[in-house]
Structures are given as structure tokens and as C-alpha cells.
Amino acid sequence: MPKTYTVPPAPPSNHGRTVAAWLMTVGVVIGSIVAAVGLVLMHTMLMVVGGAVIVATILLSVVLRALGMGQKRRDREAVAQ
């Protein structure tokens, strides 16, 4: 008999509208703009600063998610049921 699979339940309906998601989006955009301006002007320090802003933003977003300000995770056991 073939195995049947059920559709997993829908995730929370916030569509990523969380503090962690918005911080990461805005921070990566700002860091990319700074790095791009540094690339156009051939200014190494601006490129490094832009990269540092991106890395710091990603780390801060991960910390905020761990503190509960991001998308809620579902348990794998709850999905399997």
C-alpha cells in the first residue's frame, strides 16, 4: 500500500513581520549601500565598514530571534502528527 503524506500545518501568519526580520532587512540594505559606495569610490575602508554592518546586523538579528522577537519555531513532533 502506498504511503500517504499530510500537508504540514501553516506557519504563523506574521509573514516575517517581526523585529528581527525588519532589523536584518534594513541593516543589510544599509550595509550594502555603504559597501557599494565604497566600491564605486574605490575606498577600501567604506567597503569594510559596509561588510561589518552586514555581519553585525545578521548577528544581532539571530540574537533577537533567540530572545523571542523573531518568527516562532514549530516543533518537528507537532508537524509530524
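Below, the figures for the structure above:
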| quantity | calculated |
| --- | --- |
| Which numbered condition MET42 misses (of (1) more than 30 Å from LYS72 (Cβ to Cβ); (2) in a helix (DSSP H, G or I)) | (2) |
| Filter pass, THR44 being out of contact with any Leu (no Cβ under 7 Å at 6 or more places or on another chain), modelled with pLDDT under 90 and β-branched (Val, Ile, Thr) | no |
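The values are calculated or read from the model by the stated rules, or taken from the named source; none is laboratory data. Only a predicted model underlies this, so the values are computations on that prediction, with no experimental measurement involved. Ideal geometry is used to build each Cβ from the backbone, glycine not excepted, and the neighbour counts take in all protein chains shown.
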